Each structure stands twice: as C-alpha cells, then as structure tokens.
Amino acid sequence: MGQNRIAYSPVSIQPLSAIRNPLSALMDFIDLKTQYRRIQPQMNERIQAVLNHGQFILGAEHGELEKRLALYAGVKHCIGAASGTDTLLIALMALNIGPGDEVITTPFTFIATGEMIALAGARCVFVDIDPVTYNIDPKKIERAITPRTKAIMPVSLYGQCADFDAINAIARKHNLPVIEDGAQSFGASYRGKRSCGVSTIGSASFFPSKPLGAYGDGGALFTDDDTLAKLMSEIRVHGQDRRYHHPRLGLNGRLDTLQAAVLLAKLDIFDDEVAARGRIGGRYSQLINATIPQVTTPRLSDGCTSVYAQYTIEVPHRNDVEVAMKSRGIPTAVHYPIPLHLQPVFAGLGYRAGDFPIAEKAGGCVLSLPMHPYLSEADQDKVVQALKEAVSG
Ligand SMILES: Cc1ncc(COP(=O)(O)O)c(C=O)c1O
C-alpha cells in the first residue's frame, strides 16, 4: 500500500437508539466514554492506520477530513488547524488585521474570541447581546463601526448561529469581512446553511467536549474565498508558501493527523448525534417549561437549529441552585460568569460595569445542565427533578 493511502475499512456502527449507558451515581456533564464504546472498533482502526503509516503531520487523514468538513459546511475550502483559538488568530492574520484596527465582537463569550483580537494587535470593540439568543445584537452593530473597523466577529454561542442575515447585510454595506466564531456551533443549521458556512470565514473548535470533538485540541477554518484559503493554509504553517520560503509571518497551527483520524471516525456518527442533541435539548425545554416556571429555557430563532454545545438556562439565585444541584449529584457549569469587557486583561480598553447590561445580566444568571447525545431520558428526568427542587429552595 502507498504511504498516503488510508488503511481503513468501515464496519457497521450501532445505531444511537441501541446505546444503553449504565446508570451511575455520578452523572457526567459530558459523556465521551459512551460515544467511544459505540465506535470503538472504527476509532481504533482509524488511529491504528495512522500509527501504521507514520505520517503524523498533514498525513492523508488530514486531507480527507478537510474535504469532508468542507462538504459538510457547504463551502469550497476547509483548513484544519491546531485549535479553535489558533483558527481565530489565523483568520485575523489572513485579513491583515493588526495594530490600529478594530474588530467588533460580543462581550458574552469564551475568552479566546477577544483574546485573539488583542493578540493580533487590534482593539476589541464590544457590542451588547440579544437577550433571547445571547448572540451579538445586530441592531447595535452599526453604531460601533468606525473608519478603523476591519471586521465583525460574531460568536454562535451555545450552539445556535448568530443572526447572520442581519450581520452580513451590515458587513456588506460597510465592506467588512465577517468571521464566525463557530467554536460551539459546528453542526447547527442557519436558514438552509450550516454554521461555519454563513460568513466570509467560519472558525470551528474540536476541543474534546465540543459537539464534534477530537481526543485533544483541534480546529478548522472554512471559506469560499480562494485567496483567503491560500493565505490561511500558509499562515497555519509559519507563513510558508513553499518549503522554507516565508513571505509572511505565521505560526505552527496544524491539526495532527491522529486528531484528524479521530474526527473522521466521529464524523460517521455526527449527523445522528446532532439529531440527538436537538431531541434532548427540546425535551429538556419541554419538561422545564411545563414544571419550573421560574426558569428560562433556550429559544431558537426562526430557521435555526442548535447543537446545544451547552444547554443553558436562566435561573434565579444561581449560586444556591448550583450548590443544591451539586448536592443532588448533578454537575452544572456557568458559561460565562464575567463578560469580556469586565475581565482584568481587558481593563485597558476602558469599559465599565453597566456598559453592556444584557451581557452582564446573563453572566449573573445563566447555568448549563448536563448535555450530550447519550443522555438517557431517565438521567434527564433526574436533572429536571433536581432543578425543580433546587429552584424552589
Ligand atoms: C466561543 C469560543 N471561541 C473559541 C474557543 C477556543 O477553542 P479551542 O479551545 O479549541 O482553542 C472556544 C472554546 O471553548 C469557544 O467556546
């Protein structure tokens, strides 16, 4: 067999409906073990194939994954990368964004979004969020645009795309590129398109707990633009356009072949995992809306699905609810308690408490519940019962 051929022969995979995860006293917030048991032979075979051919950097699985992911997202180009953090930096570098430039983004996100804008040397200009979707509010974007604005970077938080129709319309009017931070939303649909295929550049994370997760760090960039695709694939490898020739700065931002192999095995079950996520998220909302009126459940915009990277609700007296859930054996998490404009690292930007009241309010009351495609109805019932008791004190 030639070195670049992949020794892989798919065998049949158990349907998701046949999976029975054992009831355990301690529930997982995200269960990756059941998923592995389901695809163990396929996963092992994929990994073994890489160990056999030994092309650990940019091996054949890497190219195969890029092709499949581009098809999945409905774009011309996919560029594998080392993480969802690196992808954001690579996208900004490809757009030549640096000192003196401004990038408009949301304050209600994981640190990496703002961090990479700052690391590129640009200034984060925050715009408050929509109180229903938690994504950047397009109605507030235009007034934040200045002659220094070089891009808009919305985040598709918790697994639902931001309002790209409205955002792209503003971007077109001002001739600005849009980078979707789709770290949490790969697999979600937006009005007939897919997350990471809805803007100039899409950026995905394959951190293990993400809806499509590697067994380590990983990420990918998506675009229809041939020039940007070439630039991003060069920046990913030290700005190299041919061996040992470097017209620009770059970084070591490649996705390992082993992680590409892991992702290929998981892609085979991604569609039904995405469907299960939708089903489980919908069932949570139904149960909670019917029995716990004090809690606000996630709301989907017209024509949108969510992959529920997080199933996140709003609760009163969040700290007490967290403690009460923990005492009942239910893990929870807060995504995210402190909006970026109030993070110490961004103090130099001069923002203050009260500048983005909707993000600040959300940061004070959101709570994420256990969520993964293998969550059983019995475990879900346990979570909702514990939540009901926790909320009613
Ligand atoms: C919104 C958002 N952006 C960026 C990232 C960074 O991704 P990674 O952990 O793959 O670097 C994450 C990861 O949690 C994220 O949630």
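The values are calculated or read from the model by the stated rules, or taken from the named source; none is laboratory data. Just so it is clear, the structure is predicted and the values come from calculations on it, not from any experiment. Glycine also receives a Cβ, built like all others from the backbone with ideal geometry; neighbour counts cover every protein chain displayed. Calculation scope for accessible area: heavy atoms of the full protein, side chains included, ligands and nucleic acids excluded. Shrake-Rupley method; radii C 1.70, N 1.55, O 1.52, S 1.80 Å.
Being aliphatic (A, V, I, L, M), in contact (Cβ under 8 Å) with a residue 24 or more places away in the chain and part of a strand (DSSP E or B): is that true of Leu387 here? When the stated conditions are applied, Leu387 does not pass them. If you go through segment 142-159 and keep only what is touching a residue at least 40 places away in the same chain (Cβ under 8 Å) and either within 16 Å of the ligand (Cβ to nearest atom) or over 17 Å from Ala118 (Cα atoms) (or both), you end up with Ala144, Ile145, Thr146, Ala151, Ile152, Met153, Pro154, Val155, Leu157, Tyr158, Gly159. Within 13 Å of the ligand (Cβ to nearest atom), open to solvent by 40 Å² or more (accessible area, probe 1.4 Å) and in contact (Cβ under 8 Å) with a residue 12 or more places away in the chain: is that true of Asp224 in this structure? Against the criterion (within 13 Å of the ligand (Cβ to nearest atom), open to solvent by 40 Å² or more (accessible area, probe 1.4 Å) and in contact (Cβ under 8 Å) with a residue 12 or more places away in the chain), Asp224 does not qualify.
When segment 83-105 is filtered for residues that are under 19 Å from the mean Cα position of the chain (by Cα) and either near the ligand (Cβ under 8 Å from one of its atoms) or open to solvent by less than 10 Å² (accessible area, probe 1.4 Å) (or both), the ones remaining, listed by number, are Ser83, Gly84, Thr85, Asp86, Thr87, Leu88, Ile90, Ala91, Leu92, Ile104, Thr105. In segment 229-242, the residues that are closer than 26 Å to Gly197 by Cβ form Cβ pairs under 6 Å with partners that are assigned to a helix (DSSP H, G or I) and open to solvent by 40 Å² or more (accessible area, probe 1.4 Å), at six or more places apart or across chains, as follows: Ile235/Met93.
Condition first: assigned to a loop (DSSP other than H, G, I, E, B) and more than 14 Å from the ligand (Cβ to nearest atom). Can you find one or more residues in segment 110-118 that meet it? No: segment 110-118 contains no residue that is assigned to a loop (DSSP other than H, G, I, E, B) and more than 14 Å from the ligand (Cβ to nearest atom).
Exactly one residue out of Ala171, Ala151, Ala162 is within 22 Å of Ile90 (Cα to Cα) and part of a loop (DSSP other than H, G, I, E, B): that is Ala162. Taking the stated definitions as given, is Ser203 among the hydroxyl-bearing types (Ser, Thr, Tyr) and crowded, with 24+ Cβ neighbours inside 10 Å? The answer is yes for Ser203. Does segment 133-141 contain any residue that is buried (at least 17 other Cβ atoms within 10 Å of the Cβ), out of contact with any helix residue (DSSP H, G or I) (no Cβ under 7 Å at 6 or more places or on another chain), without any contact (Cβ under 8 Å) to a residue 40 or more places away in the chain and more than 14 Å from Val103 (Cα to Cα)? No, that holds for no residue.
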